[in-house]
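Undergrad: Got a structure for you, questions after.
Just so it is clear, none of the values below were taken in a lab; they were calculated from the coordinates. These numbers come from a predicted model, not from an experiment. Using ideal geometry, Cβ is built from the backbone for each residue, glycine included, and neighbour counts are taken over all protein chains shown.
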Amino acid sequence: MNAEGTRHLLDLARATGASFFLASTSEVYGDPLVHPQRESYWGNVNPNGVRSVYDEAKRYAEAITFAYHRAHRVDTRVIRIFNTYGPRMDPFDGRVVTNFVRQALAGEPLTAYGSGEQTRSFQYVDDLVEGIVRYLDVRHPGPINLGNPDEFTMLEPARLVLELTGSASPLVFEPLPQDDPRQRRPDISRARELLGWEPRVPLREGLARTIAAMRAGGIPSEA
Ligand code: UDP
């Protein structure tokens, strides 16, 4: 879908004169050897590993978007979204924030994969939306990183979720998935400069809002 769908939509944009906005991802950086990641970094992606269908499809999506911009003058914009969380996520999507909150509220163990020392930079959804809306008014092909540069190990959201929920759940360690990136943190200089944007919601506050929303929605049991 990331490959075929992008191509079809680019053809449509070209035929109708529409603008095209690509939601790319920090996954294009793979398991990055450069830290933090600027847009100029080409990434370190395993081309045939377990994450590769997603990673490479997104890299192809960027490639073809830039090709249409250059060859067919389509008005394109590309953002690279770093880990984003917030209310109304699927509690069973398997992502770390939803897992931890769901587990804490259900009184189940919080599952940290590997040593839990790998890092991510968590962006609250409202900050992402603000960045996207600002970019709509700026004619620049990108790519532009949109993420929160505050970097945490997985132990930190686990600790915060336990504190904010008041849960007595233990933390358990499970095997690290293959090709799990060790670190990830955006350099957002370009977004600051072009969009006058930076994230405003710290992790503690975003988690509190997410927990409140998941509480209000009730904790569904797995189908
Ligand atoms: N993770 C974890 N426990 C979980 C789910 C994920 O420790 O229950 C880890 C995962 O191994 C990764 C990090 O949390 O290092 C972020 O995982 P997620 O799937 O949320 O995002 P992504 O790996 O795509 O950045």
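Undergrad: How far apart, in nanometres, would the label points at Asp90 and Asp179 be if each is projected 7 angstrom from Cα along the Cα-to-Cβ direction?
TA: A separation of 2.0 nm, rounded to one decimal place.
Undergrad: If R₀ is 25 angstrom, what is the calculated FRET efficiency for the pair Val172 and Thr119, using the beta carbon separation as r and rounding to 0.05?
TA: That pair, Val172 with Thr119, gives E of 0.80.
Undergrad: Which of rounded, prolate or oblate describes the stretch 122-196 when judged by the alpha-carbon gyration tensor and an a/c cut-off of 1.5?
TA: prolate
Undergrad: Calculate how steeply helix 155-165 sits against the longest principal axis of the alpha-carbon atoms of the chain, using the helix alpha-carbon long axis, and give the answer as 0 to 90 degrees to the nearest 10.
TA: That works out to roughly 60 degrees.
Undergrad: Taking amide H positions as placed 1.01 Å from N in the peptide plane, with prolines and chain starts having none, which residues 5 or more places from Leu176, or on another chain, fall under 5 Å of its amide H?
TA: Gly114
Undergrad: Taking the beta-carbon count within 10 Å as an exposure proxy, list Arg182, Arg134, Arg77 from fewest neighbours to most. Intermediate results must be reported in sequence, preceding the final value.
TA: Numbers: Arg182 13, Arg134 16, Arg77 21.
Final ranking by Cβ density, sparse to dense: Arg182, Arg134, Arg77.
Undergrad: State whether the stretch 83-223 is rounded, prolate or oblate according to the following rule on the C-alpha gyration tensor (a ≥ b ≥ c being the square roots of its eigenvalues): a/c under 1.5 gives rounded; otherwise a/b larger than b/c gives prolate, and the remaining case gives oblate.
TA: prolate
Undergrad: Amide H neighbours of Phe20 under 5 Å, counting only residues 5+ apart in sequence or on other chains, H built in-plane at 1.01 Å?
TA: Asp75, Thr76, Arg77
Undergrad: Once the Cα atoms of helix 4-16 and of the chain are each reduced to a long axis, what angle between those two axes, in degrees from 0 to 90 to the nearest 10, is obtained?
TA: Once rounded, one gets 40 degrees.
Undergrad: Something else now. For Asp75 and His35, what does the FRET efficiency come to when R0 = 22 Å and r is the distance between their Cβ atoms, rounded to the nearest 0.05?
TA: Working from the Cβ atoms, E equals 0.10.
Undergrad: Restricting the count to DSSP beta bridges whose residues both fall in the chain, what percent are antiparallel, rounded to a multiple of 5?
TA: DSSP beta bridges in the chain are roughly 15 percent antiparallel.
Undergrad: Counting only helical runs of four or more DSSP H residues, what would the 222 nm mean residue ellipticity of the chain come to if each run contributes -39,500 (n - 2.57) and the total is spread over all its residues? It would help to have the intermediate numbers written out before the result.
TA: Numbers: 7 runs with 90 residues, N = 223.
Counting only the DSSP helices, I get -13000 deg cm²/dmol.
Undergrad: Thr25's amide H: which non-local residues (gap 5+, or another chain) put their own amide H closer than 5 Å, with H modeled 1.01 Å from N in plane and none for Pro or chain starts?
TA: Hits under the 5 Å cutoff: Ile81.
Undergrad: On to the next question. Tell me, what ³J(HN,Hα) does each residue in the stretch 126-131 have, in order and in whole Hz, if you take phi through Karplus 6.51 cos²θ - 1.76 cosθ + 1.60 with θ = phi - 60° and put x for Gly and Pro?
TA: 4, 5, 4, 4, 4, x
Undergrad: Could you derive backbone 3J(HN,Hα) for the stretch 192-206 from the dihedral phi with the Karplus parameters 6.51, -1.76 and 1.60 (θ = phi - 60°), listing whole Hz in sequence and x where the residue is Gly or Pro?
TA: Values per residue, Gly and Pro as x: 4, 6, 7, 10, x, 10, 7, x, 10, 9, x, 4, 4, 5, x Hz.
Undergrad: What are the ³J(HN,Hα) values, in whole Hz, obtained from phi via the Karplus relation 6.51 cos²θ - 1.76 cosθ + 1.60 with θ = phi - 60°, for each residue of the stretch 89-103 in sequence order, with x given for Gly and Pro?
TA: These are the phi-based 3J(HN,Hα) values: 6, 5, x, 10, 6, x, 6, 5, 5, 5, 4, 4, 5, 4, 5 Hz.
Undergrad: Oh, and also: For the stretch 48-63 and the stretch 76-125, compute the distance between their C-alpha centroids and round to whole Å.
TA: 21
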